[in-house]
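Structure record follows, encoded as structure tokens.
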Amino acid sequence: MPMLKSAQTAVDLLSRLGGIVGPRGLVTDPAEMAPYLKDWRELYEGHALAIVRPANTEEVAVVVRLCAVTRTPIVPQGGNTGMCGAATPDPSGKAIVLALGRMNRIVEVDALNNTMTVEAGCVLANIQQVAADAGRLFPLSLGAEGSCQIGGNLSTNAGGINVLRYGNARDQVLGLEVVLPDGRVWNALRGLRKDNTGYDLKHLFIGAEGTLGVITQAVLKLFPPPASTVTAFAAVPGAQAAVELLALLREHCGDRVSAFELISRHCLEMVLRRIPGTRDPLSKAEPWYVLAELSDMQPGGAIRTEFEQALAAGIERKLVSDAAIAENQAQSQAFWRLRESIPEAARVEGLVYRHDVSIGISRIPEFIAKASAALEASFPRVRIICFGHLGDGNLHFNAFVPGRERSDADARAATDVNRIVHDIVYKFGGSVSAEHGIGQAKRAELKNYKSAVELDLMRAVKQALDPHNLMNPGKVL
């Protein structure tokens, strides 16, 4: 059947969609649709035939099947907290937005198997709390966890602060349920650690940003919660010192280092200026800081003593100039609030050119120096906002360019800043997307930094599963 062409055909489609999901599941009022049609950064805005909010997998399957027959594009959407416009429809108005927020059931918690089965619309923070109530830990943690949904986390292979110890979202999943582009349901909700029965298909959908199917449920890994945790905010003279301090901490504390974040002074000042209730943890301003956290399965103060000894060794080696160790959970949360508020503070600050890059840890200091020099040579008075998950090599190397405002469409669309940074990332053997995905923001970048063979393989997978390009068209490829 050809793509929808007439107003009457659209009306008929909406009627059929309403019959599937009911009045609570179909949103057509422009005011109610508006929040679904703009991305969190307010850089992308589109139109849609409707917002479709299914209540269960069966409704998703019937909706997708109808869209396959009518050749109606589908834009899957979770909490709409992404950074690359992956959940925003294009301006044509031909697509539906498939919002999964109503599918928010915790299906099962199996504490003995250390697994939890959840629907895709579950908010990440709620999953963390249910795990905690069961005496377990779900370690995926990021700044948007109070509103992002697990389906979106998996679709973008989210990273966050605990990758150093627990891995990306991909590493925290055992099984999936996915509605395929033709409406069939692939049920692989198996809580198995070992399953060598052919291709591990779940990894096709994790990180695919909804371009190959709709994740509807997942079996997540749980872990024993740490019995003791220690958090420190330390000043370091530079990125090289931070890298060496990470190595020193690992020598002293091994794999108990669960998080290691790098924060520039520019970042901290921006948060202190823009986020009410924040304060500088240290008495003297320094150019760089690290936020490090250690966790241990053993209770008591032994881990704090080891942390203090490691920091003392860092001070002796001139890797650390000052440090504050959280005395209680409230202080630890205050330290983490400084780190997690950086994206929100930058959003308030103005138009920021964001770069979510990955570099080999040992080469991060050299990368920061070269990329900073290149931007400063091309854009006098540029302000660089550099922070990130140093422990796993993921930097958010962002920049404000004087005179460029978010209200200026040409400034928003400019790629000159990105090209300078990404060209240097490529020369360093890095990745132009560490954890945020591609979406529509970096789609054009792929041809510059991925080989023809890689792109051909990706297109072949897309063609095999979604030959009519109905699943989140215009994203990734």
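The set of residues in region 425-443 being touching a residue at least 12 places away in the same chain (Cβ under 8 Å) and either under 20 Å from residue 178 (Cα atoms) or surrounded by fewer than 20 Cβ atoms within 10 Å (Cβ to Cβ) (or both) consists of 426, 428, 429, 431, 437, 439, 443. Checked against (1) under 24 Å from residue 247 (Cα atoms); (2) surrounded by 12 or more Cβ atoms within 10 Å (Cβ to Cβ); (3) touching a helix residue (DSSP H, G or I) at 6+ places or on another chain (Cβ under 8 Å), residue 274 meets all criteria but (1).
Conditions tested, residue by residue: (1) modelled with pLDDT under 95; (2) closer than 30 Å to residue 215 by Cβ; (3) not small (Gly, Ala, Ser).
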| residue | (1), (2), (3) |
| --- | --- |
| 405 | yes, no, yes |
| 408 | yes, no, yes |
| 424 | no, no, yes |
| 428 | no, no, yes |
| 431 | no, yes, no |
| 438 | no, yes, yes |
| 458 | no, yes, yes |
| 469 | no, yes, yes |
| 472 | no, yes, yes |
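Residue pairs whose Cβ atoms lie under 6 Å apart, separated by 6 or more positions or on different chains, with the first residue in region 395-410 and of a type in the set (Lys, Arg) and the second part of a loop (DSSP other than H, G, I, E, B), are 404/351; 406/351. Selection of first residues in region 31-45 that are free of Cβ contacts under 8 Å to residues at least 60 places away in the same chain and of second residues that are in a loop (DSSP other than H, G, I, E, B) and surrounded by fewer than 16 Cβ atoms within 10 Å (Cβ to Cβ), restricted to Cβ pairs under 8 Å at least 6 apart or on distinct chains, gives the following pairs, ordered by first then second residue: 45/91.
Residue 318 meets the conditions (1) surrounded by fewer than 16 Cβ atoms within 10 Å (Cβ to Cβ); (2) touching a Leu at 6+ places or on another chain (Cβ under 7 Å) in every case but one. The failed one is (2). The residues listed here are 219, 163; of these, the one that is crowded, with 18+ Cβ neighbours inside 10 Å and at pLDDT 95 or above is 219. Scanning region 90-105 for residues that are within 20 Å of residue 216 (Cβ to Cβ) and assigned to a loop (DSSP other than H, G, I, E, B) yields a count of 7.
Confirm whether residue 42 is surrounded by fewer than 20 Cβ atoms within 10 Å (Cβ to Cβ) and at pLDDT below 95. Can you show your working first?
Values: surrounded by fewer than 20 Cβ atoms within 10 Å (Cβ to Cβ): yes; at pLDDT below 95: yes.
Considered against the rule, which asks whether it is surrounded by fewer than 20 Cβ atoms within 10 Å (Cβ to Cβ) and at pLDDT below 95, residue 42 comes out as yes.
Within region 330-344, which residues are at pLDDT 95 or above and not charged (D, E, K, R)? 330, 331, 332, 333, 334, 335, 336, 338, 341, 342 - these are the residues of region 330-344 that are at pLDDT 95 or above and not charged (D, E, K, R).
Taking region 141-236 and the helices (runs of 4 or more DSSP H) fully enclosed by it, no element has 3 or more residues that are among the aliphatic types (A, V, I, L, M) and over 15 Å from the mean Cα position of the chain (by Cα). Residues in region 115-168 that are of a type in the set (Val, Ile, Thr), in contact with a helix residue (DSSP H, G or I) (Cβ under 7 Å, 6 or more places away or on another chain) and over 21 Å from residue 255 (Cα atoms): 118, 127, 150.
The values are calculated or read from the model by the stated rules, or taken from the named source; none is laboratory data. Treat the numbers as computed from the prediction; the structure is a model and nothing was measured. Backbone-built Cβ (ideal geometry, glycine too); neighbour counts: all protein chains shown.
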